[in-house]
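A quick write-up on the structure given underneath.
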Amino acid sequence: MPTAIKSPMKFRCNACKTVYMQKYFSDMVHSYPNCPNCNQAGQLQGTMEAQDILKYPVAVGKCYLENTLQRFQQLTR
């Protein structure tokens, strides 16, 4: 898997039936992030696609907002 993936990774939690997205990090190869709602392990669904913007607008917006805030914090340091 390339190390420079630009799109967020999409996960589905089977326990609470939600979709959440996380930015790809190189240490995600061996473990995936837990669901932010129920803290259970999620299933990898692939990278975010164009239709996900319409299907999961809150998850997409939250992911991009978190990434923007992280970048802003890095610039202000």
Roughly how many Å² is the accessible area per residue of the chain, as a whole number, for a 1.4 Å probe?
75 Å²
Calculate for the chain the 222 nm mean residue ellipticity that helices alone would give, adding -39,500 (n - 2.57) per DSSP H run of length 4 or more and normalising by residue count, nearest 500 deg cm²/dmol.
-9500 deg cm²/dmol
Helix 57-76: angle to the longest alpha-carbon principal axis of the chain, degrees 0 to 90, nearest 10?
30 degrees
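Expressed as a whole percentage, what fraction of the accessible surface of segment 29-75 belongs to carbon and sulfur atoms when a 1.4 Å probe is rolled over the protein heavy atoms? Display every interim value, and only then the final one.
On the way: 2060 of 3750 Å².
The C+S portion of the solvent-accessible surface of segment 29-75 is 55 percent.
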So who's got an amide H within less than 5 Å of the one on C16, skipping anything under 5 residues away but keeping other chains? H placed 1.01 Å off N, in plane.
none
Taking every alpha carbon pair in the chain, what does the distance histogram look like in 5 angstrom bins from 0, in percent?
3, 15, 24, 25, 20, 10, 3, 0
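The values are calculated or read from the model by the stated rules, or taken from the named source; none is laboratory data. Source: prediction; values computed, not measured. Just so you know, the surface numbers come from the protein's heavy atoms only, side chains and all, with ligands and any DNA or RNA stripped out. Shrake-Rupley method; radii C 1.70, N 1.55, O 1.52, S 1.80 Å.
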